[in-house]
Amino acid sequence: MAALVSMSRGARAVLVAAVMVAAVMAMSCQAAIAEDAAPAEQISAFRLKHGEGRVMRDATLDRIAMEQARAMADKDDLSHEVLGPFTRRVAPSNAGRAAENIAYGYDNFDKTLGQWINSAGHRKNLLLPKATKVGIASARTVSGKRTYWAMVIAGDYDADKPKTGPKTKGKPAVAQTAPKADAKSVRWGAKPPASKDCHLSIKVIGLCI
């Protein structure tokens, strides 16, 4: 009987341990999901405060942002063109308008977002009219000394566009209004104005002046 009681206690101990591990794993999963959703919520809060709609994380835009962040980190180069023209990179999203913000220097999104909010070009992109989806990613350089960020925000999807009228075959407009930062936006069907090349600018922590 004593042996049986001892085994029962051992079984209970194992069960309690298993429950605790499961609880910790569940909390970890929730934390990961919350952390993943947090950037979109922060951007949405900023947009709502300024009269624009919410944005939700999008797998396609996340992939586009991740490819951009990794490419910049691999080459240690803050540039929209590191993987080619933004208009080509964002095409798989099927969005009618899109914008991209990039940065380096901060390890967390809070500070990176604050940096973008305080820059005219980035701020304009964060408040892109009719935007409904967003992708955000970061990547470290091989040395681990620098973190690159990329955000792609988009709207005017095919489902929201009028069904009539021919599709424009012209190149999308590229407006890079970034006096203190590297930001780019595009809208299909308009004549592209001249754009500035960030490579000609002086780069400081997280900004392209």
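Just so it is clear, none of the values below were taken in a lab; they were calculated from the coordinates. Just so you know, these numbers come straight off a predicted model, no measurement behind them.
For residue 45 and residue 94, compute 0.36 nm times the residue count separating them, minus their Cα-Cα distance, and round to one decimal in nm. Could you put the intermediate results ahead of the total?
Details: separation 49, 0.36 × 49 = 17.64 nm, distance 2.50 nm.
Answer, rounded to one decimal: 15.1 nm.
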*Can you list, bin by bin at 5 Å, the percent of alpha carbon pairs in the range 39-157, starting at 0?*
2, 13, 24, 25, 20, 11, 3, 1, 0
*In Hz, Karplus ³J(HN,Hα) per residue of the range 72-88 (6.51, -1.76, 1.60; θ = phi - 60°; x = Gly, Pro)*: 5, 5, 4, 9, 6, 9, 7, 7, 6, 9, 4, 10, x, x, 4, 4, 6
*Distant-in-sequence amide H partners of residue 133 (H built 1.01 Å from N, under 5 Å)*: 56, 154
